[in-house]
Structure formats: structure tokens, C-alpha cells
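Structure record follows, encoded as C-alpha cells.
The values are calculated or read from the model by the stated rules, or taken from the named source; none is laboratory data. Worth saying up front: this structure is predicted, and the values here are computed from it rather than measured. For neighbour counting, all protein chains shown are included, and Cβ atoms are generated from backbone atoms with ideal geometry for every residue, glycine included.
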């Protein structure tokens with residue numbers, strides 16, 4: 001069976017920097033569209049916006065004066081209808097889920113959701129944020145500047161939080177036995193260049209993108225904007241995970257492929273709409289338009305649950 005080409009791009013990518021970065025949401029979009037139709041759509045966007053810019057980005061569409069263009073792009077009868085898909089990752093929830101998965105012997109998605117929702121109130125927002133940042137520090141080989149913690153310091157703090165009465169404290173108590181798992185994970189991360197870091201949302205999002213577009217059995221070839229995180233070793237890991245579903249990955253300059261530009265538009269506007277939902281500034285109209293594009297398996301917990309189908 002001949003593979004179908006899916007053009008991909010992302011927005012909000014900061015690698016393993018999940019907390020305290022520039023963005024709270026990561027979005028990965030895939031678009032299935034013939035090159036000629038994508039080029040015509042980009043020309044139409046240019047004409048409707050009327051900007052002399054050489055390269056168009058999502059921020060052009062997100063300006064209030066171009067609201068009609070954005071609504072046209074996302075409309076049920078618009079150019080992306082049935083041709084676009086986006087996987088969203090709320091970075092803080094992704095960090096909590098990674099912590100539960102790595103540290104708890106029997107960690108579940110529901111456990112991560114409960115801890116994500118109850119942690120700030122139970123421990124205080126600042127203390128909870130510090131605890132999560134300390135976890136991301138021990139889960140990386142090269143911690144970013146800011147909060148750095150040794151595994152010993154992290155688990156000592158976990159012991160303190162576990163004493164807080166209530167469900168959140170009880171859940172933290174179930175993480176305290178994870179020191180050996182952290183040590184083993186860090187060893188694997190240092191020795192295996194193909195291992196996907198627990199804190200990097202890109203590869204999981206790519207997996208969901210491929211599974212979406214190959215649901216009918218058709219293999220997928222990704223035409224992806226240049227992305228350093230998708231190393232040769234990680235692409236091999238993707239192929240091992242996805243099997244016949246992934247025929248290959250080809251990198252292009254987004255400026256040279258209109259299909260990737262369309263994926264860039266979708267990823268960028270999706271990230272912004274989702275970020276506004278998290279911040280309590282959601283736009284009901286845009287959220288409703290975006291919902292049909294969003295993967296039901298998006299890593300999401302919080303405001304805007306309705307539009308991601310959770």
C-alpha cells in the first residue's frame with residue numbers, strides 16, 4: 001500500500017523545559033493536503049490578510065483584525081476540514097504524569113489527574129511548583145538553570161509533602177519508593193541515544209499523529225519541519241513502536257513546502273487557543289472551531305476539557 005504524506009509542524013517546543021518556559025502548551029499538527037492545494041490556500045491566506053510579510057506565521061492569523069480569516073481556516077467547511085489534526089500537551093500536566101509514571105510502582109493516568117488538580121491547594125501553589133521543578137531537575141541529565149535538586153533532596157521533599165493530610169499527601173507518599181527507578185532511568189538516558197526522554201512531549205505527539213492518520217491501515221510518511229530532537233536514533237525508535245504505520249520521516253524547510261506551512265498555521269493557532277483556555281481567557285467561538293481537529297488522546301487536564309474530548 002502506498003504511504004500517504006502527512007505534513008507536520010509544532011508550536012511551543014522547548015524540549016524538556018516543561019515548567020517556567022515561554023509556553024504552557026505544546027501543539028503538534030499534521031495536515032493531509034496535496035501540495036498544489038496547500039499552495040493555493042497559503043496564497044488565499046496572504047490575499048485575505050493583505051500583509052506584505054514574506055513568511056506568514058500563526059501570529060498573523062491570531063490578530064483581532066484577521067479574526068474572519070482564522071474562522072474561515074478552522075470552519076467545518078473550511079480548507080482544513082477533514083485534513084488537519086493536532087495533538088495538544090499541557091506541559092504542567094505532562095510533567096505530573098511523567099512523575100507519576102516514573103516514580104509510582106502502580107501509577108495511573110487518573111492518579112496523575114487527581115494530583116495535578118489537588119496539588120496546588122494541598123501544598124500551596126509555590127511549594128507545589130517548586131516540587132514539580134525539582135522533579136524535572138532529577139529527570140534530566142543536564143538540568144536547566146534555576147531550581148536544581150539532587151534525587152536525595154527531591155525525595156526528602158516528597159517525604160515532607162507526604163505528611164500533608166488528604167488525598168494529595170497520600171498520593172505523594174506513593175512516589176517515595178521511586179528512587180531506584182530514577183537511578184535506572186538516568187542510566188538508560190545516558191547510555192541509549194534512542195531513548196525518548198520522559199519530559200519531552202514531541203515524540204509522543206508524533207506517535208499520536210501517525211496513529212491518527214494511519215487508522216485505516218494506510219502507512220504514513222511524515223514530511224516534517226526541520227526538528228533536531230527527531231534524531232536518527234529516535235526515528236528508529238518511532239519505527240519500532242509504530243511498525244508498518246510509519247513508512248518514513250523526511251525533513252524539509254517549512255518555507256519550501258506549503259503543506260508544512262499549513263501545519264505551522266494549525267499548530268500555532270491551536271497552541272494559542274489552548275493556552276488562552278488554560279489562562280482562563282478562552283474564546284468560546286475559537287475553542288468550538290478547534291475542537292474537531294484535536295486528538296482525543298491529547299495530554300490535557302483543566303479548563304477547556306470539553307474541546308479536547310476528555
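Here are the numbers for the structure shown:
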quantity: Members of the stretch 63-86 that are within 30 Å of residue 116 (Cβ to Cβ) and either in the same structural domain as residue 177 (by TED's automatic domain parsing) or surrounded by fewer than 17 Cβ atoms within 10 Å (Cβ to Cβ) (or both); calculated: none
quantity: Where residue 180 falls short, out of the listed (1) in contact (Cβ under 8 Å) with a residue 12 or more places away in the chain; (2) surrounded by fewer than 15 Cβ atoms within 10 Å (Cβ to Cβ); (3) outside the structural domain of residue 268 (by TED's automatic domain parsing); calculated: (1)
quantity: Unique match (being closer than 28 Å to residue 291 by Cα and surrounded by fewer than 22 Cβ atoms within 10 Å (Cβ to Cβ)) among 192, 200; calculated: 200
quantity: Among (1) at pLDDT 95 or above; (2) surrounded by fewer than 23 Cβ atoms within 10 Å (Cβ to Cβ) - the single one residue 262 does not satisfy; calculated: (2)
quantity: Residues that are at pLDDT 90 or above and either under 16 Å from residue 24 (Cβ atoms) or surrounded by 20 or more Cβ atoms within 10 Å (Cβ to Cβ) (or both), drawn from the stretch 288-309; calculated: 289, 290, 293, 294, 295, 298, 299, 300, 301
quantity: Test: residue in the stretch 140-154 that is touching a residue at least 12 places away in the same chain (Cβ under 8 Å), under 30 Å from residue 260 (Cβ atoms) and surrounded by 17 or more Cβ atoms within 10 Å (Cβ to Cβ); calculated: yes
quantity: Among the candidates 242, 238, 228, residue that is in contact with a helix residue (DSSP H, G or I) (Cβ under 9 Å, 6 or more places away or on another chain) and within 19 Å of residue 13 (Cβ to Cβ); calculated: 238
quantity: Residue check for residue 37: within 19 Å of residue 274 (Cβ to Cβ) and at pLDDT 95 or above; calculated: no
quantity: Selection count where residues are part of a helix (DSSP H, G or I) and closer than 18 Å to residue 7 by Cβ, scope the stretch 233-250; calculated: 4
quantity: Selection within the stretch 210-241 - over 21 Å from residue 27 (Cβ atoms), in contact (Cβ under 8 Å) with a residue 60 or more places away in the chain and out of contact with any strand residue (DSSP E or B) (no Cβ under 9 Å at 6 or more places or on another chain); calculated: 217
quantity: In the stretch 239-256, residue farthest from residue 73 (Cα to Cα) [restricted to those that are buried (at least 17 other Cβ atoms within 10 Å of the Cβ) and at pLDDT 95 or above]; calculated: 242
